[in-house]
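Encoded as structure tokens, here's the structure I'll be asking about.
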Amino acid sequence: MNTRIIKIDPDNIDMNLIAEAAEIVRRGGLVAMPTETVYGLGADSFNPEAVKKIFAAKGRPADNPLISHIAEIGEVERLAREIPPRAQRLMEHFWGGPLTVILKKRPEVPAEVSAGLDTVSIRMPSHSVAHALIKASGTPIAAPSANLSGSPSPTLAEHCIADLSGRVDMIIDGGSSLIGLESTVVDLTAEVVTVLRPGAITAEQIAEIAGDCIYGGNYAEAPKCPGMKYTHYSPRAEVFAMKSMENAEEMLKAHGGKTAVIDMNPKRYAADIVYDAGPDLNSYAARLFYLLRRADEDGVDFLIARLPESEGIGAALRNRLLKAAGGRTDDSYA
Ligand code: AMP
Ligand code: MG
């Protein structure tokens, strides 16, 4: 398949190009689009054949459900059969933005989107290009991250091109994703409000609007949905998430091969490569997936990365870092 790659400036949207992309979506094709979290690989949520192509292009297991993206809050009613008041409050408060809500699905939502579950996950992005594309398509767009299953989520069009060239109809380059981590996923179908995946919107922020909320994330004993059993990011290097950098030098020196460090405002380390995660948690979040890809490209064998405190987006960063490290920390290093 020939993949068309186009550039759209988020601050000055070319509506002719959006119309072209929307036409692909309406005809059942695949379009990779920029969002404020990460790039998404989109298809018409109501077209099961199109949705199946997403799984094929990514190599994604069919039991991992997809998030449907909408352009107006009212469109939730096309997908969900029940909208509890606290869900309505969350949507009004945080949309467009990096919050995905799980609600009971309407029968019209194809089983391919929900992976056979009775629920549907929905998000309204704030990104101008995603918003324009969804609106012009006239349908919710089902979109997981636009990477091959098992590689880090894409935060630049270059990442989508590397993973999906020849496998999708179009890739829209809209620059780098501002947030850089996937959305917060919150389950609103049970009595207890549960955060299934931490993101830029924190459990505390959700509790303020929705009342009590618990974190039932990926390291919970029983996965709340099939998709949670998959580890998303598997760099080639052996990765350690560092609660403290105290033993960093010792660990680096003990290792042969190519060594690297990811740290905020890094000092000098006895490593082959030192990657700068920026001055604060937000820049760390925006750069993490990019740096994990870089480490692979640079042929890094042993990678240690600072595990930040859990305030703000730190909780989401910790979650992604621990996944990338397969749960290994400096504590477990022997
Ligand atoms: P991705 O689109 O690759 O960022 O992954 C979407 C995430 O949302 C996965 O972890 C899914 O398992 C989760 N998800 C999507 N839909 C549902 C749902 N209906 N119930 C529970 N989790 C979901
Ligand atoms: Mg993904």
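Within the stretch 63-85, track down each residue that is assigned to a strand (DSSP E or B) and more than 22 Å from LYS53 (Cα to Cα).
First pass over the stretch 63-85, keeping only residues assigned to a strand (DSSP E or B): 67-69, 80.
Correct list: ALA80 only.
Residues being over 12 Å from the mean Cα position of the chain (by Cα), open to solvent by less than 10 Å² (accessible area, probe 1.4 Å) and within 13 Å of ligand 1 (Cβ to nearest atom): count how many of those fall in the stretch 161-186.
Summing the residues that are over 12 Å from the mean Cα position of the chain (by Cα), open to solvent by less than 10 Å² (accessible area, probe 1.4 Å) and within 13 Å of ligand 1 (Cβ to nearest atom) in the stretch 161-186 gives 1.
Next up: Taking the criterion of being modelled with pLDDT of 90 or more, under 24 Å from GLY314 (Cβ atoms) and β-branched (Val, Ile, Thr), would at least one residue in the stretch 251-259 satisfy it?
No.
Take the residues in the stretch 170-182 that are touching a Ser or Thr at 6+ places or on another chain (Cβ under 7 Å) and either within 15 Å of ligand 2 (Cβ to nearest atom) or in a loop (DSSP other than H, G, I, E, B) (or both), then tell me which one is nearest to ALA143 (Cα to Cα).
GLU182
Now for a different question. For residues that are of a type in the set (S, T, N, Q) and more than 16 Å from ligand 2 (Cβ to nearest atom), tally how many sit in the stretch 183-213.
Looking only at the stretch 183-213, we keep the residues that are of a type in the set (S, T, N, Q), and these are 183-184, 189, 194, 202, 205.
From what's left, more than 16 Å from ligand 2 (Cβ to nearest atom): 189, 194, 202, 205.
Summing the residues that are of a type in the set (S, T, N, Q) and more than 16 Å from ligand 2 (Cβ to nearest atom) in the stretch 183-213 gives 4.
Taking the condition away from ligand 2 (no atom under 16 Å from the Cβ) and closer than 22 Å to PRO34 by Cβ, does GLU82 pass?
no
Follow-up. Would you check if there is a residue in the stretch 260-270 being at pLDDT below 95, more than 16 Å from ligand 1 (Cβ to nearest atom) and of a type in the set (D, E, K, R)?
Yes.
Name every residue in the stretch 111-157 that is within 15 Å of LEU30 (Cα to Cα), of a type in the set (A, V, I, L, M) and either open to solvent by less than 30 Å² (accessible area, probe 1.4 Å) or within 12 Å of the chain's Cα centre (by Cα) (or both), in order of residue number.
VAL113, ALA130, LEU133, ILE134, ILE141, ALA142, ALA143, ALA146, ALA157
Another question about this same structure. Would you be able to tell me the number of residues in the stretch 62-88 that are within 14 Å of ligand 1 (Cβ to nearest atom) and open to solvent by 40 Å² or more (accessible area, probe 1.4 Å)?
Total satisfying the criteria: 4.
Kindly provide the set of residues from the stretch 90-110 that are open to solvent by 10 Å² or more (accessible area, probe 1.4 Å), within 15 Å of ligand 1 (Cβ to nearest atom), closer than 16 Å to VAL185 by Cα and in contact with a helix residue (DSSP H, G or I) (Cβ under 7 Å, 6 or more places away or on another chain), ordered by number.
The answer is LYS105, and nothing else.
The values are calculated or read from the model by the stated rules, or taken from the named source; none is laboratory data. Quantities reported herein were computed from a predicted structural model and do not represent experimental measurements. Cβ coordinates were reconstructed from backbone atoms using ideal geometry, including for glycine residues, and neighbour counts include every protein chain displayed. These area figures cover heavy atoms from the full protein model, side chains too; ligands, DNA and RNA do not enter into them. Shrake-Rupley method; radii C 1.70, N 1.55, O 1.52, S 1.80 Å.
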